[in-house]
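The values are calculated or read from the model by the stated rules, or taken from the named source; none is laboratory data. Model, not experiment: these values are computed from the prediction. Methodologically, a virtual Cβ is constructed for each residue, glycine included, from the backbone with ideal geometry; neighbour enumeration extends over all protein chains shown. Quick note on the areas: whole protein, heavy atoms, side chains included, nothing else; ligands and nucleic acids left out. Shrake-Rupley method; radii C 1.70, N 1.55, O 1.52, S 1.80 Å.
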Amino acid sequence: MNNLSFLYKNLIVFGLVLTTLNVPCQFCSAAEKVVDNEEDYIEETSYDSSTAYINDIQILGSNIIKPDYILSKISLKKGDLYDKDAMQKDLKTIYKLGYFTEKMKAVPVKNSNGTISLKIIVEENIPITDFTIEGNTVVPAEEIMQYLLPLKGKPQNITAINQAMEKINQCYYEKGFILSKIDSIYDDPDGTLNLSITEGKINSISIVGNEKTKDYVVKRNIMTEAGNVYNENQIKQDLVRLYSTQAFKDVNRSIEVSPDDPDKFDVTIELKEQRTASVSVGGGVDSATGVFGSAGLSDNNFRGRNQRVSLTGMVGSGVLMSDSSIKNSINYQAEISFFEPHFLNSDNSLMSKIYYRDLGSYQIPLAMERRIGIEGTIAHRLKVNRRLSSTFTIGGEHIHLEEGDALTMSRLYNAHGLNIANRSKELEGGFFLKLAPGLSYDSRDSAVNPRSGVVASARYEEAFGMDSFGKTNGRLIGMAKKYVPIAKKSSLTFTGRGGMKIHGEHMPEVMAYRLGGPYTIRGYKVNGVGTGTSFIMGSAELATPIPFVDRLKVNFLQNLRLTFWVDAGTIFKPTVASIIYDRPEHAITAGVGLKINMPGVGPLSIDYGIPLTNCGPNGKKNGYFTFGVGDMMY
């Protein structure tokens with residue numbers, strides 16, 4: 001086979017390139033000749049061979065391809081009545097095997113007993129002896145060769161070569177190189193098959209549609225560069241990053257052949273910006289803040305630099321569904337936050353905030369708690385694993401506690417034989433400098449209603465007592481969640497959480513861990529399980545769409561999930577608050593709930609849980625409703 005070549009036609013449909021192979025070659029016209037001019041390929045005889053039976057069939061000229069293989073492909077067999085038309089079809093079948101030239105013939109030879117011996121004479125194509133590959137840079141030659149090596153040593157076969165080329169194209173496509181193609185293939189007289197590949201390099205990348213957003217903000221989210229081989233998978237990741245900035249309501253890309261070089265492509269990133277500044281006024285009900293009203297100002301694309309700035313304030317009526325240990329009073333909260341997604345370099349982000357909180361204390365019974373703080377967290381995505389990030393938080397916080405009901409506290413202390421003079425230790429606050437390194441891992445398939453993957457985090461927090469070094473303490477906190485898909489839309493989630501005091505004999509009680517309420521053990525009041533210096537808990541939850549409701553074409557209902565869950569947990573080394581309120585210190589609950597995951601807010605949930613263990617004198621055997629905004633604590 002000389003001057004063997006392939007012609008590729010590229011179809012770009014929704015950004016996908018489908019490659020179709022057409023192979024013009026020296027064999028194609030010969031195939032028609034085999035069909036149309038049978039007298040050239042079936043030798044005439046001086047007798048009526050149409051009434052003779054076939055005594056035997058011999059294949060002559062086949063060296064590499066086994067004769068038995070050829071015999072298995074034709075219709076005429078030993079003992080059949082010889083049929084000239086059937087022989088002609090068999091010659092065509094042999095030719096279509098792809099291993100032979102058009103120089104083939106069938107010779108019926110008369111035997112003395114009236115039968116014939118059928119001799120089929122073929123000529124094999126030149127065998128393939130070696131391969132050369134040119135133009136490949138993103139797929140190694142060793143990987144391409146695995147599709148070619150089965151051809152080596154065999155006669156050149158158009159069908160087999162086409163199949164190998166299709167597999168090579170598919171290999172490129174599966175890796176995302178959808179513009180790559182084999183633009184030519186030819187053979188040398190010595191049997192070497194030569195492939196030339198055009199991989200589809202990017203000539204230029206242009207950006208259109210960004211009016212407010214700075215060009216450098218867009219470009220730093222695009223990892224694809226001019227001169228690279230186009231990769232659809234990489235471009236999709238770039239578009240997801242751009243969409244995740246929340247600066248755009250739509251992102252897309254278009255591809256055109258470069259007018260300067262038909263083997264290169266011009267890529268255009270098409271953006272549609274959305275309004276990012278907003279004023280919000282709202283309200284609702286939450287187990288931790290009661291009936292609340294809130295107002296806020298925010299901009300998710302501050303100054304066109306994709307920085308996020310927000311100012312929020314909230315006034316709540318007081319903690320709902322708490323036991324009598326929490327001072328029920330109006331609470332006030334305010335926060336100013338600033339987020340820089342590319343701090344110093346593209347792998348770092350910075351979240352900083354200043355906050356003020358004035359409310360009835362969750363940890364210290366019947367005390368009023370005021371916190372004023374500032375903190376900043378730098379997150380760094382690790383190159384060794386893009387799902388793994390390290391974090392480091394530094395901040396300062398002043399905690400002030402004051403008595404909310406001295407008479408009741410005196411009575412409770414006396415009833416449990418405790419010295420009321422120790423009440424002052426419960427009310428210890430102070431000024432703390434906090435340093436907290438951490439690690440987080442996230443392989444979820446989606447941040448909204450995930451169905452598979454793992455999310456985990458661990459953080460160590462060292463709080464230095466600046467007004468009294470004896471209050472210095474260290475705490476370790478960890479969390480892990482595993483999502484398992486169930487059926488088509490449901491998921492089963494297993495969660496484990498834990499926290500412990502590492503050191504700090506005089507750690508203020510206000511820093512203790514607590515269990516109970518919507519963010520830890522549901523079915524109990526806030527703090528209903530207890531407070532302590534360490535805790536461990538776990539949950540199992542089945543989340544599934546509400547039957548038929550998820551079929552309604554309403555975005556709100558698409559994210560709505562019905563949940564069935566079990567929570568369990570225990571605290572260690574209970575604080576004075578747990579002792580004087582006779583809290584159970586460990587609990588197992590089960591319940592049902594509704595959850596909707598709101599992008600940018602997190603899960604909003606309402607749950608009803610029933611204690612399966614001792615609920616304590618302040619609990620309720622029939623359980624409670626709890627309302628939550630955001631995920632579980634810790």
Go ahead and estimate [θ] at 222 nm for the chain from helices alone: -39,500 (n - 2.57) per DSSP H run with n ≥ 4, summed, over the residue count, rounded to 500.
-> -4500 deg cm²/dmol
Neighbours of residue 535 by Cβ distance under 12 Å: Lys/Arg at +1, Asp/Glu at -1, summed charge +4
Give me the Debye-computed log₁₀ of I(q)/I(0) at q = 0.05, 0.10, 0.11 Å⁻¹ for the chain, equal point scatterers on Cα only, no solvent, two decimals.
-> -0.44, -0.98, -1.11
Checking rank on 91-101, 140-150, with mean other Cβ inside 10 Å and highest first, the result is 91-101, 140-150
Amide H neighbours of residue 325 at under 5 Å, excluding residues fewer than 5 places away on the same chain, with H built from the backbone geometry, are none
Kindly state, to the nearest 0.05, the FRET efficiency for residue 336 paired with residue 505, given R0 = 51 Å and r defined as their beta-carbon distance.
-> 0.90
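Can you give the extra length, in nm with one decimal, that the chain gains between residue 226 and residue 458 once fully stretched, where that is 0.36 nm per residue apart less the Cα-Cα distance?
Full extension from residue 226 to residue 458 adds 79.6 nm.
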Counting only heavy atoms of the protein chains, get the accessible area per residue of region 239-305 (1.4 Å probe) and round it to a whole Å² value.
-> 54
Per residue, how much space in cubic angstrom lies within the convex hull of the C-alpha atoms of region 224-378?
-> 152
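Return the FRET efficiency for the residue pair residue 68, residue 183: r is the Cβ-Cβ distance, R0 is 51 Å, and the value is rounded to the nearest 0.05.
On the way: r = 39 Å, r/R0 = 0.76.
Plugging the Cβ-Cβ distance into 1/(1 + (r/R0)^6) gives 0.85.
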Which value, in debye to the nearest 20, describes the size of the charge dipole of region 405-550 about its Cα centre when Lys and Arg Cβ atoms bear +1, Asp and Glu Cβ atoms bear -1, and nothing else is charged?
-> 420
Which far-off residues, 5 or more places away or on another chain, put their amide H under 5 Å from the one on residue 291, with H placed in the peptide plane?
-> 286, 317, 318
In cubic angstrom, how much convex hull volume per residue do the alpha carbon atoms of region 111-207 span?
-> 135
Given H placed on each backbone N at 1.01 Å, which residues far from residue 451 in sequence or on other chains put an amide H within less than 5 Å of it?
-> 445, 446
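Using the per-residue mean of other Cβ atoms lying within 10 Å as a proxy for protection, in what order, highest first, do the peptides 65-72, 447-454 fall?
Sorting 65-72, 447-454 by mean packing, highest first, produces 447-454, 65-72.
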Which order do peptides 417-426, 461-470, 232-241 fall in by mean Cβ count within 10 Å, highest first?
-> 232-241, 461-470, 417-426
As straight-line cross-link partners of residue 219, the qualifying lysines (C-alpha separation under 25 Å, not fewer than 8 residues apart within one chain) are 175, 201, 236, 249, 264, 272, 383
Would you work out which of 610, 74, 149 lies farthest towards the positive end of the dipole of the chain, given +1 charges on the beta-carbon of Lys and Arg and -1 on that of Asp and Glu, about the Cα centre?
-> 610
Of the heavy-atom accessible surface of the chain (probe 1.4 angstrom), what whole percent is carbon and sulfur?
-> 56
Where labels lie 7 Å past Cα in the beta-carbon direction, separation of residue 400 and residue 123 in nm | 10.4
Once the dipole of the chain is set up from charges on Cβ (+1 Lys and Arg, -1 Asp and Glu), the residue from the list 235, 60, 86 lying farthest towards its positive end is 235
Placing each pseudo-label 7 Å from Cα in the direction of the beta carbon, residue 86 and residue 328 end up separated by a distance in nanometres of 9.9
³J(HN,Hα) across region 166-175 via Karplus (A = 6.51, B = -1.76, C = 1.60, θ = phi - 60°), whole Hz, x for Gly/Pro?
-> 5, 5, 5, 4, 5, 4, 5, 4, 5, 8
Residue-by-residue Karplus 3J(HN,Hα) for region 525-542, coefficients 6.51, -1.76, 1.60, Hz, glycine and proline x = 5, 4, 6, x, 7, x, 10, x, 7, 8, 7, 8, 7, x, 9, 10, 9, 9
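So if each residue of separation counts as 0.36 nm, and I subtract the Cα-Cα distance between residue 134 and residue 109, what length gain in nm does that give?
3.9 nm
With the contact rule set at Cα under 8 Å and sequence spacing of 6 or more, what percent relative contact order holds for region 223-289?
23
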Reachable lysines from residue 434, criterion Cα separation under 17 angstrom, eight or more residues apart if same chain | 353, 471, 501
Computed over the chain: relative contact order in percent, which uses C-alpha pairs under 8 Å that are six or more apart = 7
If you plug each phi of region 147-159 into the Karplus form 6.51 cos²θ - 1.76 cosθ + 1.60 with θ = phi - 60°, what whole-Hz ³J(HN,Hα) values come out, in order, with x for Gly and Pro?
-> 8, 9, 4, x, 7, 5, x, 9, x, 4, 9, 4, 5
Using a simple spin-label model with points 7 Å from Cα along the Cα→Cβ vector, what separation in nm is obtained for residue 254 and residue 411?
-> 7.7
